[in-house]
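First the structure, in the form of structure tokens, and then the observations on it.
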Amino acid sequence: MRTTTARAYPNIALVKYWGKADEELILPAAGSLSLTLDHFETTTTVVPAPDASSDVLELDGTLADAGQTDRISTFLDHVRALAGRDDRVLVRSRNSVPTGAGLASSASGFAALATAAAAAFDLDLNARDLSRLARRGSGSACRSIPDGIAVWHAGDDASSFAETVPAPDMRMIIVTVNRARKAVSSREAMRLTAATSPFYSGWVSSTEDYLEQMVAACAAGDFTRIGEITESHALRMHGLIQSTVPPIRFLNPTSHAIFDAVAEARENGIEAYSTADAGPNVAVIVRPHDAEALAEKLSGFGDVRVVGPGPGAHLLTADDEVPPADAATTAAGEGSRA
Ligand code: 2P0
């Protein structure tokens, strides 16, 4: 075993994943498609701890709580089973934005951890198997293994992985309305949706339809169709989520105002389309040459950041190792001033 460091970026789905066919294997009820970003990365170092009796997780320079540690330990059990080893590890992970706010997502976290842990345990995985492994940590993490626009196939354990598909260049404007940790986790909210929404089966079948149309629109470079599906599918997902018992609402009045402002921009000649995940923040896709002008128009709603297609998860060198907790506190402070 060896100490390894990896970096991965979050992804934002244009065709959403919302619901599982298998909770343990984390198989989705339908396929999805996302854009991996070039901002908001997670960097993770895995250090072998052969004498330790349990895994330890340091998150942004602080010892993680039992719930967070258990979740990565369960994931690492799977890595240990694949490697045929029993070693515990120390995981040091650093996010460039606050954890749980809907951007420093479990996607970048588990994609970075899967990449670093696979290397630390000397697993020689191809891109497909690395994506399958990341999926076991968090479903959407499998889409942060490949770069750019990725489709995550529904299927069984062997066939459910994500891979890059051809697509036109685009930008995404992230409008951060609220950085607070969300009240209900995606995992819990998905369970509640499948268990209580009368619309769930229609959601699953219509998602497969949209995914097929989306992959075709990407291959054809048809930005208009990509955008129409993106906005429609996001609003469908939020309608579905609001139909649970008890209801859950992730969008707030500012989120809706951003959807309206983007629709207005469209009428005025800037073609752009909105989407939102399990929180109030809105992501807007736009052609590269329109990105800065639209970001300026949306800047009154919150922090805006123009991002583009980013790289897949990758290993870094020892120079990029995440420092231990004490040193990490200082490094995080420096980072936040930048
Ligand atoms: C997505 N989301 O496609 C959707 C849209 C949030 C809204 O994937 O239970 O954290 O770990 O597989 O991956 C968030 O779900 O859930 C998510 P688990 P995950 O991006």
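The values are calculated or read from the model by the stated rules, or taken from the named source; none is laboratory data. Just so we're clear, the structure is a prediction, and the values are computed from it rather than from any experiment. Note that each Cβ is placed from the backbone with ideal geometry, even for glycine, and that neighbours are counted across all protein chains shown. Heavy atoms of the whole protein, side chains included, go into the accessibility calculation; ligands, DNA and RNA do not. Shrake-Rupley method; radii C 1.70, N 1.55, O 1.52, S 1.80 Å.
A few comments on the model shown:
- Of all the residues in the range 44-70, those that are outside any loop (DSSP other than H, G, I, E, B) and free of Cβ contacts under 8 Å to residues at least 24 places away in the same chain number 5.
- If you filter the range 1-13 down to residues that are touching a helix residue (DSSP H, G or I) at 6+ places or on another chain (Cβ under 6 Å) and under 14 Å from G308 (Cα atoms), you find that the one that is nearest to the ligand (Cβ to nearest atom) is N11.
- Residues in the range 260-278 that are out of contact with any Leu (no Cβ under 7 Å at 6 or more places or on another chain) and within 16 Å of the ligand (Cβ to nearest atom): 4 in all.
- Evaluation of A134 against (1) within 24 Å of P48 (Cβ to Cβ); (2) within 16 Å of the ligand (Cβ to nearest atom); (3) assigned to a loop (DSSP other than H, G, I, E, B) (one fails), failing number: (3)
- Residue match in the range 143-152 (condition: in contact with a strand residue (DSSP E or B) (Cβ under 8 Å, 6 or more places away or on another chain), at pLDDT 95 or above, part of a helix (DSSP H, G or I) and within 14 Å of the ligand (Cβ to nearest atom)): yes
- Filter result (outside any strand (DSSP E or B), at pLDDT 95 or above and away from the ligand (no atom under 15 Å from the Cβ)) within the range 156-177: D156, A158, S159, V165, P166, A167, P168, D169, M170
- Some residue of the range 50-72 being charged (D, E, K, R) and within 16 Å of the ligand (Cβ to nearest atom): yes
- Residues in the range 95-118 that are among the hydroxyl-bearing types (S, T, Y), modelled with pLDDT under 95 and away from the ligand (no atom under 11 Å from the Cβ): S96, T99.
- Annotation note: of A293, A283, the sole residue that is under 18 Å from M172 (Cα atoms), loosely packed, with under 15 Cβ neighbours inside 10 Å and aliphatic (A, V, I, L, M) is A293.
- Any hit, the range 15-29, residues being farther than 16 Å from R187 by Cα, within 16 Å of the ligand (Cβ to nearest atom) and touching a strand residue (DSSP E or B) at 6+ places or on another chain (Cβ under 6 Å): yes
- Listed conditions (1) closer than 21 Å to L76 by Cβ; (2) open to solvent by less than 10 Å² (accessible area, probe 1.4 Å); (3) within 15 Å of the ligand (Cβ to nearest atom) are all met by F121, apart from (3).
- Residue tally, condition surrounded by 23 or more Cβ atoms within 10 Å (Cβ to Cβ) and part of a strand (DSSP E or B), over the range 8-43: 14
- Within the range 66-89, the residues that satisfy the criterion of being touching a Pro at 6+ places or on another chain (Cβ under 8 Å) and either within 20 Å of I26 (Cβ to Cβ) or open to solvent by 20 Å² or more (accessible area, probe 1.4 Å) (or both) are D87, R88.
- Only listed residue being surrounded by fewer than 19 Cβ atoms within 10 Å (Cβ to Cβ) and either more than 18 Å from the chain's Cα centre (by Cα) or not charged (D, E, K, R) (or both), chosen from T224, T230, T207: T224
- Here the range 184-203 is the region considered, the condition is being open to solvent by 90 Å² or more (accessible area, probe 1.4 Å) and within 14 Å of the ligand (Cβ to nearest atom), and the residue that is nearest to P280 (Cα to Cα) is E188.
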